[in-house]
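Read through the structure below, which is laid out as structure tokens, and then see the notes.
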């Protein structure tokens, strides 16, 4: 009988889904014998209002009330606060995950690979109650760990590196349950691509400093201000606005006033090509964006990270010399000018990236899941 593996994510931000898709792509590429795999959005198995509010509250908090979000993030990461909050969170998840529990019981997967703490917590609670016996592998999609990922019924935690290992150890997690394999990026990010072909296909000039500006899946952050700050330079800018159509229109309107070349994109599924031909990335420090940049050996300038998970990711990157943090959009021009004036600086950042990147994470996670790691 084939081993059944379920990949489970939650659409609360695009990153968790992209991590799941990276693992799915690795399964397809490796095609392990005797293994059946499938992928679901765990929120599809909750009631429609819960799914809608889950994402809306997150986006509202990080976009409109970032200081409050940061306060709640760090407060709930406190051991004693978590003792109070965790039972309430588990009860709320239980109330809204009846369809998910039923699906899991009927499917009987041998292994569940979860890239979001909602699915991990529901499954861990089912294991605690004896409702299912699947092996649970949780992929932590940021470079540090928050208490919401922690459960005694997770069988294996996949984390980015030693910083997250230390976080788990502080929560009394046995070392044997932790594997620092890295956060998965889709296999294509680890492949060297033909830059000349990409430039010809996308209409980008050669021999021009190319700056990639990404606002994540939802096009958030001071993207317009960044473009205005660097737009007076003789460079090429690629702006990826995600699903933010209003931002696309605003940036298109800026083109006539800019000295720089500007290519404006909405949501794209080939960001790996734009990373391949770029010299520098300016973005917030979401876990998957950071991972994709590391895998592509693309130095970062981090701006306006969300207080909490993204500031921790930013701290990780700057500590290792793989990124530079700026506090406001107007500072972006100074950093770009420094990079152009001193190309060796980009070279040093690329060398730092090589020491911390984990380009085979998606494959290593597959091998762990099927018992080969």
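The values are calculated or read from the model by the stated rules, or taken from the named source; none is laboratory data. Just so we're clear, the structure is a prediction, and the values are computed from it rather than from any experiment. Every residue, glycine among them, receives a Cβ derived from its backbone with ideal geometry; neighbour counts consider all protein chains shown.
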task: For residues that are in a loop (DSSP other than H, G, I, E, B) and in contact with a helix residue (DSSP H, G or I) (Cβ under 9 Å, 6 or more places away or on another chain), scanning just segment 63-109, find the one that is surrounded by the most Cβ atoms within 10 Å (Cβ to Cβ).
output: 97
statement: The lone condition residue 6 fails out of (1) under 18 Å from residue 288 (Cβ atoms); (2) crowded, with 19+ Cβ neighbours inside 10 Å; (3) more than 16 Å from the chain's Cα centre (by Cα) is (1)
field: Sole exception among (1) surrounded by fewer than 24 Cβ atoms within 10 Å (Cβ to Cβ); (2) under 30 Å from residue 148 (Cβ atoms); (3) in contact (Cβ under 8 Å) with a residue 60 or more places away in the chain for residue 288, by number
entry: (1)
- prompt: Which of the residues belonging to segment 166-200 are in a helix (DSSP H, G or I) and touching a residue at least 60 places away in the same chain (Cβ under 8 Å)?
  reply: 187, 188, 189, 190, 195, 198, 199
Any chance residue 32 is in contact (Cβ under 8 Å) with a residue 60 or more places away in the chain, over 21 Å from residue 288 (Cβ atoms) and not assigned by TED's automatic domain parsing to the domain that holds residue 223: yes
- prompt: When you look at residue 267, is it surrounded by fewer than 23 Cβ atoms within 10 Å (Cβ to Cβ), more than 15 Å from the chain's Cα centre (by Cα), at negative phi and touching a residue at least 40 places away in the same chain (Cβ under 8 Å), yes or no?
  reply: yes
- prompt: Does residue 23 qualify as being farther than 19 Å from residue 183 by Cα, in contact (Cβ under 8 Å) with a residue 12 or more places away in the chain and in contact with a strand residue (DSSP E or B) (Cβ under 6 Å, 6 or more places away or on another chain)?
  reply: no
statement: With criteria (1) assigned to a loop (DSSP other than H, G, I, E, B); (2) touching a helix residue (DSSP H, G or I) at 6+ places or on another chain (Cβ under 8 Å); (3) free of Cβ contacts under 8 Å to residues at least 40 places away in the same chain, residue 157 comes up short on (1)
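Within segment 291-303, can you find the residues that are touching a helix residue (DSSP H, G or I) at 6+ places or on another chain (Cβ under 7 Å) and closer than 10 Å to residue 185 by Cβ? Please lay out each step first, then the result.
So the first thing to find is which residues in segment 291-303 are touching a helix residue (DSSP H, G or I) at 6+ places or on another chain (Cβ under 7 Å), and the list is 292-303.
Listed by number, the residues that qualify are 292, 293, 294, 295, 296.
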message: Would you confirm whether or not segment 172-188 contains a residue that is outside the structural domain of residue 236 (by TED's automatic domain parsing), exposed (fewer than 15 other Cβ atoms within 10 Å of the Cβ), in contact with a strand residue (DSSP E or B) (Cβ under 8 Å, 6 or more places away or on another chain) and modelled with pLDDT of 95 or more?
response: yes
- request: Give just the number: which of (1) under 23 Å from residue 360 (Cα atoms); (2) buried (at least 18 other Cβ atoms within 10 Å of the Cβ); (3) touching a residue at least 24 places away in the same chain (Cβ under 8 Å) does residue 38 not satisfy?
  value: (2)
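Can you tell me which of 213, 230 is in contact with a strand residue (DSSP E or B) (Cβ under 6 Å, 6 or more places away or on another chain) and assigned by TED's automatic domain parsing to the domain that holds residue 337? It would help to see each step written out before you state the result.
Working: 230 fails: in contact with a strand residue (DSSP E or B) (Cβ under 6 Å, 6 or more places away or on another chain).
It is 213.
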Lone unmet requirement of (1) at pLDDT 95 or above; (2) within 16 Å of the chain's Cα centre (by Cα) for residue 278: (2)
task: Within segment 15-29, identify whether any single residue is part of a loop (DSSP other than H, G, I, E, B) and surrounded by fewer than 16 Cβ atoms within 10 Å (Cβ to Cβ), and answer yes or no.
output: no
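Let's see how each residue does on (1) surrounded by fewer than 22 Cβ atoms within 10 Å (Cβ to Cβ); (2) over 16 Å from the mean Cα position of the chain (by Cα); (3) closer than 23 Å to residue 237 by Cβ:
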residue: 312; (1), (2), (3): no, no, no
residue: 315; (1), (2), (3): yes, no, no
residue: 337; (1), (2), (3): yes, yes, yes
residue: 340; (1), (2), (3): yes, yes, yes
